[in-house]
Amino acid sequence: WEVFQNSAGWGEGSGVPGAIGNQIIFAHARPGLFLPLKKIEEGMQIYVLTDGKWFDYRVSEIKEVYPNQTQVIKPSEDERLTLYTCSGFADSKRLIVVAKRI
């Protein structure tokens, strides 16, 4: 997956909103991108807009993992949104936010 300097990216091969699967959106932890995720809390809502349709998710899990812990981006048997960004000292970890469709 290509990480863009000024925008978020969708994980090619991951799920799509409205269908079963793990939908991965990733971005740098910078202002205007995913930097605010460090303040997110369980129960908060996330909205995703695709082709003029809004999808509503509720945060169910927040965790930090190491880059080699790729199970967080594997396909799922439910509809979920996974936000993925850098965290930790010198970006040594990844902040993972999992949200379920409401």
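Once the gyration tensor of the Cα atoms in the chain is diagonalised, the equivalent ellipsoid follows with semi-axes of 20, 15, 14 Å, ordered largest first.
Candidate cross-link partners of LYS38 among the lysines, defined by an alpha-carbon separation under 24 Å and a same-chain spacing of 8 or more, comprise LYS63, LYS74, LYS93, LYS100.
What is the distance in Å between the Cα centroid of segment 1-53 and that of segment 76-102? When both Cα centres are located, 9 Å separates them. Taken about its Cα centre, the chain carries a charge dipole of about 220 debye when Lys and Arg each add +1 at the Cβ and Asp and Glu each add -1 at the Cβ.
No lab work stands behind these numbers, since they all come straight from the coordinates. Just so we're clear, the structure is a prediction, and the values are computed from it rather than from any experiment. For neighbour counting, all protein chains shown are included, and Cβ atoms are generated from backbone atoms with ideal geometry for every residue, glycine included.
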